[in-house]
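The values are calculated or read from the model by the stated rules, or taken from the named source; none is laboratory data. The structure displayed is predicted, hence computed values, not measured ones. Every residue, glycine as well, gets a Cβ built from its backbone with ideal geometry; the counts of neighbours run over all protein chains shown.
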Amino acid sequence: MIIVSDAGPLIGFAKAGYLYILKELFTEVLIPTKVYEELHTADNRPGAQALSGAIKEGRLTISEKPETSEHIERLLDPGEAQAIDLAKEKRTLLLIDERRGRQVAIHTRVKIVGTGRILLVAKESGLITSVSTALSKLSESGYRLSDALVEKLKCLANEDVE
């Protein structure tokens, strides 16, 4: 299965050391050019080297997306807008966490998945042993998910809820 990704989840996974999960779960991970630009792979930021390596190794594929819906462009940043349009064009799943982007994607009939669902599937597939640990690493690396969502994910993963 192919998935299109927004920048946020990719940066979070890279910084926390979980970028490999996407390669294991999906046959191809596509990113539009504006998302690629948002990844800042040439910088020395945490996760940038992992993202650059994933692109060089073909685990992330940059997909040209020349046209973006003007309506979506007015509502979102360019990367999110291109990611939604690319997922719609390819008729595939979109990995996105940002609330407004998720709402626009749903409104345009793009199927979405978030970081939390990816972690649950990764645990079910044996790629990780603990969703709680993964959520902690994401949090420590600066990736934010609401407390309510974190608790819900721990519950869905049958892990201790505080």
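I'd like the residue in the range 1-43 that is surrounded by 21 or more Cβ atoms within 10 Å (Cβ to Cβ) and part of a loop (DSSP other than H, G, I, E, B) and, out of all such residues, is nearest to the chain's Cα centre (by Cα). Ranking the qualifying residues of the range 1-43, first place goes to 6. If the condition is being out of contact with any Lys or Arg (no Cβ under 9 Å at 6 or more places or on another chain) and closer than 15 Å to residue 94 by Cα, then the range 1-27 contributes 1, 3, 5, 6, 8, 9, 10, 25, 26, 27. Checking 52, 132 one by one, the residue that is more than 13 Å from the chain's Cα centre (by Cα) and outside the structural domain of residue 31 (by TED's automatic domain parsing) is 132 and no other. When the residues of the range 17-31 are filtered to those that are touching a helix residue (DSSP H, G or I) at 6+ places or on another chain (Cβ under 8 Å) and β-branched (Val, Ile, Thr), the one that is nearest to residue 3 (Cα to Cα) is 29. Just one of the listed residues (90, 65) is of a type in the set (Lys, Arg), at pLDDT below 90 and more than 13 Å from the chain's Cα centre (by Cα), namely 65. Taken over the range 126-153, the residue count meeting the criterion of being more than 13 Å from residue 18 (Cα to Cα) and basic (Lys, Arg) is 2.
Filtered by the rule that a residue be under 14 Å from the mean Cα position of the chain (by Cα) and buried (at least 19 other Cβ atoms within 10 Å of the Cβ), the range 94-104 gives 94, 95, 96, 97, 101, 102.
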